[in-house]
Amino acid sequence: MNLDLASLLVFYDPVALAIVGGGTLLATAARGPIGDTVDALRCLPVLVRRPFDFGRARAELARAERVAHAKSLLAIDPQVLKDPDVARGVEAVTDGATADEVEQLLDRLRQARLDRHATVQEFWAAAAEAAPAMGMVGTLVGLVRMFRSMDDPATIGAAMAVALLATLYGALFANLVAAPIAARLRRLARAEENERRALIAPFRAFARRETPVRRSRAA
């Protein structure tokens with residue numbers, strides 16, 4: 001079966017699309033503050049390009065360790081530390097934090113990030129739940145328009161198209177867009193969580209080496 005543009009346009013209806021798309025967005029956004037909606041939309045590039053690179057973060061920490069060993073902690077240029085957790089951890093070590101204190105700081109930063117990720121994941125999971133319901137709303141709207149225009153065959157056809165396509169749009173958006181986005185965000189968040197946990201051990205070793213040096217110099 002050959003599909004051309006004309007045959008695909010049969011499945012396009014702006015009214016049904018507006019009901020399902022707009023209704024899903026409004027219903028999902030109404031569940032929380034507007035900031036959650038903004039974060040959920042801003043996170044979409046993460047699906048194809050992960051913002052966290054464990055190799056780069058580990059290399060930044062290793063570079064900071066080399067500078068501290070060769071010169072001093074104060075010689076570390078904070079501008080070269082692109083990862084915020086690495087920058088905060090190195091700053092804590094520079095301020096004389098112990099290994100336990102640095103680990104607690106990294107745990108707090110990681111938990112705050114997990115909370116933000118969970119909020120975004122919940123948004124898309126909620127959108128997957130709302131989309132089929134909005135499809136049913138579009139179906140009801142189309143049926144009402146159809147029954148109110150039984151004397152006009154042209155209007156009946158357009159109204160029936162809204163009714164059928166709204167259901168289709170709701171099912172497609174839920175199962176091919178929103179639910180897969182939520183699932184992929186969960187997988188990416190788990191992977192980042194595990195990788196960031198792997199930074200704790202080298203940070204503890206870094207703090208154990210540098211804190212006694214700073215204290216001995218201060219004494």
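Are any residues in the range 161-203 of a type in the set (Lys, Arg) and surrounded by 17 or more Cβ atoms within 10 Å (Cβ to Cβ), and if so, which ones? If you could, list the steps in order and put the result at the bottom.
Of the range 161-203, the ones of a type in the set (Lys, Arg) are 184, 186-187, 190, 196-197.
The one that is of a type in the set (Lys, Arg) and surrounded by 17 or more Cβ atoms within 10 Å (Cβ to Cβ): 196.
As an exercise: evaluate residue 107 against (1) closer than 30 Å to residue 65 by Cα; (2) surrounded by 19 or more Cβ atoms within 10 Å (Cβ to Cβ) and give the number of the one condition it does not meet.
Only one criterion is unmet by residue 107, namely (2).
Tell me which residues, restricted to the range 205-219, are in contact with a Ser or Thr (Cβ under 9 Å, 6 or more places away or on another chain) and modelled with pLDDT of 90 or more.
Once the filter is applied, which keeps residues that are in contact with a Ser or Thr (Cβ under 9 Å, 6 or more places away or on another chain) and modelled with pLDDT of 90 or more, the range 205-219 yields 207, 208.
Under 21 Å from residue 55 (Cβ atoms), among the β-branched types (Val, Ile, Thr) and in contact with a Pro (Cβ under 9 Å, 6 or more places away or on another chain): is that true of residue 80 in this structure? Break it down into steps so the answer makes sense when it comes.
Details: under 21 Å from residue 55 (Cβ atoms): yes; among the β-branched types (Val, Ile, Thr): yes; in contact with a Pro (Cβ under 9 Å, 6 or more places away or on another chain): no.
Spelling it out, it is not the case that residue 80 is under 21 Å from residue 55 (Cβ atoms), among the β-branched types (Val, Ile, Thr) and in contact with a Pro (Cβ under 9 Å, 6 or more places away or on another chain).
Quick one: which residue in 174, 161 is in contact with a Pro (Cβ under 7 Å, 6 or more places away or on another chain) and assigned to a helix (DSSP H, G or I)?
174
May I ask you to list the residues in the range 6-61 that are among the basic types (Lys, Arg) and farther than 26 Å from residue 82 by Cβ? Can you show your working first?
Step one: filter the range 6-61 for residues among the basic types (Lys, Arg), giving 31, 42, 49-50, 56, 58.
If the condition is that a residue be among the basic types (Lys, Arg) and farther than 26 Å from residue 82 by Cβ, then 31 is the only one that fits.
With the structure loaded, tell me whether residue 113 is surrounded by fewer than 20 Cβ atoms within 10 Å (Cβ to Cβ), among the basic types (Lys, Arg) and modelled with pLDDT under 95 or whether it fails that test. Please lay out each step first, then the result.
Details: surrounded by fewer than 20 Cβ atoms within 10 Å (Cβ to Cβ): yes; among the basic types (Lys, Arg): yes; modelled with pLDDT under 95: yes.
When the stated conditions are applied, residue 113 passes them.
In the list 144, 177, 162, which residue meets the criterion of being at pLDDT 95 or above, out of contact with any Ser or Thr (no Cβ under 7 Å at 6 or more places or on another chain) and not basic (Lys, Arg)?
177
If you scan the range 28-57, which residues turn out to be touching a residue at least 40 places away in the same chain (Cβ under 8 Å) and more than 13 Å from the chain's Cα centre (by Cα)? Can you show your working first?
Pass one, the range 28-57, residues touching a residue at least 40 places away in the same chain (Cβ under 8 Å): 28, 31-32, 36-37, 39-40, 43-44, 46-47, 50, 52, 54, 57.
Correct list: 28, 31, 32, 54, 57.
The values are calculated or read from the model by the stated rules, or taken from the named source; none is laboratory data. Everything numeric in this text was worked out from a predicted model, so none of it was measured. Reconstructed Cβ throughout: ideal geometry from the backbone, glycine too, with neighbour counts over all protein chains shown.
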